[in-house]
Amino acid sequence: MERKVPWYERTLRWMQTNLTETDPARCRVSDWEKLWEENEIQGIIVNAAGIVAYYPSDNPLQYRARTLEGRDLLGEFTHAARRHGLTVLARMDINRANDDFYKAHPAWFTVDVSGSPYRTNDGRYYSCVNGGYYREYIPEILREIIRKYHPDGFTDNSWAGMGREKICYCDACREKFRRDCGMELPRAADFDDPVYRRWIVWSLQCRTEIWDLFNGITTKEDPDCLWLGMMNVNPAAPYFCNLLEISRRAPIVFSDYQARDEYNGFEQNGIYGGVLSSLTGYDKIHPESIANYVRGRRVFRLCSNPAAETQLWLAEGISGQLSPWLHFIGGAPEDRRQLSACKELMKWHKEKEEYLYHREPCSTVALLWSQENSLFYGKNETHERMELPWRGFTRALTQARIPYQPLHTSQLDPNSSRYRVIILPDLAAVSNDQAERIRKFIQNGGSIVITGASGFLDEMGQPREKPAFDEILRLHRSKTPIQPLLSQNGWMDETRHTYLRLPQNPGPVCSGLG
C-alpha cells in the first residue's frame with residue numbers, strides 16, 4: 001500500500017493572516033482566497049483563541065474580538081481553505097488574559113515574590129505555565145476548536161510564557177519546584193545563586209512538559225492534529241524553550257523569527273535555516289515567518305516593507321532550506337503594496353521546489369553553539385559574551401566564502417568524517433559529554449579554532465578545575481579570559497585589547513599575512 005504523505009511533509013508554502021480585533025467588521029475572506037492562489041499557497045495560519053478568540057467560543061472565560069458579534073471568522077477562513085485544498089493551522093496566543101479572566105481564576109496567573117500579579121504592557125495578566133490556565137483551560141479550548149473546525153494543527157508564538165528575568169511565585173510553581181527539585185524557589189534572578197540556575201533548567205523542562213501535554217490533548221482528539229508552537233532559533237536568544245528537545249519531537253518546526261538586525265545582512269536568514277536543519281535533520285520542513293511590514297530598530301506593523309528587502313530576506317531563507325511563510329498583519333491591510341511583494345518569488349519556489357528540499361550541505365566546517373552557553377555564560381550579557389563572537393565568525397566565514405554549518409555541540413559526532421574543522425566562538429559553558437565529543441574529534445585528527453573563554457565552564461556556568469581543552473591542545477593559560485564585561489571603567493583591561501605584532505621574519509605560519 002502506498003504511504004499517505006502527511007500534511008507536514010507536503011505543505012511547503014504558507015500564509016498567515018494575523019487578525020486584529022477590528023477585522024471581524026471589515027475582513028473579506030474572498031480577498032485572501034485570491035492571494036492564496038496568486039502566491040501558490042498550500043497552507044494557512046489563522047488566529048483562533050487565547051488572548052482573543054475569532055470564533056463564538058462556548059467557554060464563558062474566552063474573550064472574543066470586540067467586533068466579532070455573530071461572525072465566525074475562524075470558521076470562514078477554515079472552510080475557504082478547505083475548498084482550496086489547503087492545510088489549516090489554528091494560531092493561539094495563550095500567555096495572558098484580561099481582568100475578568102484573572103478575577104475568575106487568580107491562582108492561574110503569575111505573581112512576583114510579594115504576591116502581586118505580573119502585568120503586561122497592555123495591562124493583561126501573564127498566565128503561568130504550571131497553573132490551571134495551561135493545564136486545564138487551554139486543553140479545553142484545544143478540544144473545542146478541534147471538534148468544531150478540525151484543523152491540522154496549532155501554532156503559538158507565545159506558548160513558552162514569561163522569560164527568565166521574571167520568577168513566578170504562585171502556589172503551583174512553589175509546589176512543583178519543591179516536588180521536582182527538593183528546594184524553595186530562588187528569591188531573585190541571580191546567576192550566582194545555584195538555586196536560580198537550577199530554576200532555569202527546571203523551567204526549560206516545564207516548557208517541554210507543556211509541549212508534550214498539548215500534543216497529547218490534540219492527538220487524542222485527532223491523531224493527525226499536532227501542537228507545534230513556534231520557536232525562535234537565534235542561538236543567542238534568551239529563550240525559554242529547549243531547542244534541541246523540541247526539535248527532536250516536532251515533525252515540522254515553525255520558526256517565528258521576523259526581526260532583522262544591524263549585525264548581519266540578509267545572510268543571517270540562511271544561517272537560521274542552517275541552525276534548524278542541523279537540529280532536526282534535513283528531511284523536515286521549516287517554515288519561517290516572513291514579515292511583510294517594516295521591521296528593524298523601529299517597527300511599523302501596518303506599513304509595507306520595501307518589496308526588494310522582503311524578497312532578498314525570503315530568498316536567503318530559501319537558500320537555507322526555510323519554507324516561505326508570508327505573514328500579514330490584519331485581515332484588511334490598508335497598505336496593500338505588501339500583498340504583491342513576493343508573488344513572483346513564490347511562483348519560482350513552486351517551480352523549483354523539488355531541488356530546494358532534503359539537501360545536505362557539503363560544508364566541512366562546523367560552527368558550534370549551545371543553549372547552555374547562551375544561558376550560563378551569556379547570563380544577562382548574552383549579546384556581548386555569546387552573540388558577538390558567534391556573529392563575528394558567521395560574518396568572517398560568509399565574507400571569505402567558506403561554507404559552514406551551525407551545529408549544536410551535543411550533535412557533534414567525533415567519529416564522523418563529515419567535518420574537518422570545528423569552531424568554538426567563546427564556547428565557554430560545555431557539559432562533560434560535549435567536552436568529550438570535542439576532545440575525541442581532535443584525537444581523531446580534526447582541526448579546531450578556539451577563542452576566548454571556550455571550555456572554562458561546565459554546563460551550569462561554573463568554573464572548571466582545568467579548562468576542558470587546554471591539555472589536549474597543550475595550552476597554558478595563566479589567567480581566565482572571563483572578566484567583568486565592558487563598562488565605562490573597564491575599557492583599559494588587557495583582555496579587551498588583543499593584537500598580533502608580527503616579527504620581521506615571521507616564518508611559514510604567517511606567510512601572506514604581511
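The values are calculated or read from the model by the stated rules, or taken from the named source; none is laboratory data. Keep in mind that what you see is a predicted model, and the values were worked out from it rather than measured. Don't worry about glycine lacking a Cβ; one is built from the backbone with ideal geometry, like all the others, and counts go over all protein chains shown. When the accessible area is computed, the model is the full protein with side chains, heavy atoms only, and any ligands, DNA or RNA have been set aside. Shrake-Rupley method; radii C 1.70, N 1.55, O 1.52, S 1.80 Å.
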Worksheet, complete the sentence: Considering only strands (runs of 3 or more DSSP E) wholly within the stretch 356-450, the ones with at least 2 residues that are open to solvent by 40 Å² or more (accessible area, probe 1.4 Å) are 447-450
Item to complete: Give the stretch 181-230 a look and list any residue that's closer than 16 Å to Arg249 by Cβ and among the small types (Gly, Ala, Ser), or say none.
Response: Gly216, Gly229
Practice prompt. Being open to solvent by 40 Å² or more (accessible area, probe 1.4 Å) and touching a strand residue (DSSP E or B) at 6+ places or on another chain (Cβ under 7 Å) is the filter; apply it to the stretch 119-134 and report the residue that is farthest from Gly229 (Cα to Cα).
Written response: Arg119
Worksheet item: So, of the residues in the stretch 161-172 that are in contact (Cβ under 8 Å) with a residue 60 or more places away in the chain and hydrophobic (A, V, I, L, M, F, W, C), which turns out to be farthest from Ala250 (Cα to Cα)?
Response: Cys170
Worksheet entry | Matching residues, the stretch 259-279, being touching a residue at least 40 places away in the same chain (Cβ under 8 Å), in contact with a strand residue (DSSP E or B) (Cβ under 9 Å, 6 or more places away or on another chain) and open to solvent by 20 Å² or more (accessible area, probe 1.4 Å) | Arg260
Discussion item. Being touching a residue at least 24 places away in the same chain (Cβ under 8 Å) and farther than 21 Å from Met15 by Cβ: is that true of Asn232 here?
Written reply: no
Discussion item. Being open to solvent by 60 Å² or more (accessible area, probe 1.4 Å) and either under 17 Å from Glu344 (Cα atoms) or in a helix (DSSP H, G or I) (or both) is the filter here; which residues of the stretch 280-307 pass it?
Written reply: Pro306
Worksheet item: Hey, does the stretch 152-160 have a residue that's in contact (Cβ under 8 Å) with a residue 12 or more places away in the chain, open to solvent by less than 10 Å² (accessible area, probe 1.4 Å), of a type in the set (Gly, Ala, Ser) and farther than 18 Å from Ile51 by Cβ?
Response: yes
Worksheet entry | Residues being basic (Lys, Arg) and in contact with a strand residue (DSSP E or B) (Cβ under 9 Å, 6 or more places away or on another chain) - total across the stretch 454-475 | 1
Discussion item. Restricting to the stretch 178-200, name every residue that is open to solvent by less than 40 Å² (accessible area, probe 1.4 Å) and assigned to a helix (DSSP H, G or I).
Written reply: Cys181, Val195, Tyr196, Arg197, Trp199, Ile200
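In the stretch 242-272, what residues are small (Gly, Ala, Ser), at pLDDT below 90 and assigned to a helix (DSSP H, G or I)?
Restricting attention to the stretch 242-272, the residues satisfying the condition of being small (Gly, Ala, Ser) are 247, 250, 255, 259, 265, 270.
This time we only want the ones that are at pLDDT below 90, so: 259, 265, 270.
Gly270, the sole residue that qualifies.
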Worksheet item: Quick one: which of Glu381, Glu334 is of a type in the set (Asp, Glu) and over 21 Å from Arg28 (Cα atoms)?
Response: Glu381
Worksheet item: When the stretch 240-255 is examined, which residues are found to be farther than 20 Å from Thr382 by Cα and open to solvent by 10 Å² or more (accessible area, probe 1.4 Å)?
Response: Glu245, Arg248, Arg249, Pro251
Discussion item. Suppose we keep only residues that are modelled with pLDDT of 95 or more and either touching an Asp or Glu at 6+ places or on another chain (Cβ under 6 Å) or polar (S, T, N, Q) (or both) within the stretch 419-453. Which one would you say is nearest to Lys379 (Cα to Cα)?
Written reply: Ala429
Worksheet, complete the sentence: Residue set Thr208, Thr218; condition open to solvent by less than 10 Å² (accessible area, probe 1.4 Å) and at pLDDT 95 or above; output residue Thr218
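Output the number of residues of the stretch 333-352 satisfying the condition of being in a helix (DSSP H, G or I), open to solvent by less than 60 Å² (accessible area, probe 1.4 Å), at pLDDT below 95 and not polar (S, T, N, Q).
At the first step, the residues of the stretch 333-352 found to be in a helix (DSSP H, G or I) are 336-340, 343-352.
Then drop every residue that is not open to solvent by less than 60 Å² (accessible area, probe 1.4 Å), which leaves 338-339, 343, 345-346, 349.
If we keep only those that are at pLDDT below 95 too, we end up with 338-339.
Remaining after also requiring not polar (S, T, N, Q): 339.
Residues meeting the conditions: 1.
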Item to complete: Check the stretch 230-239 and report whether any residue there is outside any loop (DSSP other than H, G, I, E, B), open to solvent by less than 30 Å² (accessible area, probe 1.4 Å) and in contact with a Ser or Thr (Cβ under 8 Å, 6 or more places away or on another chain).
Response: yes
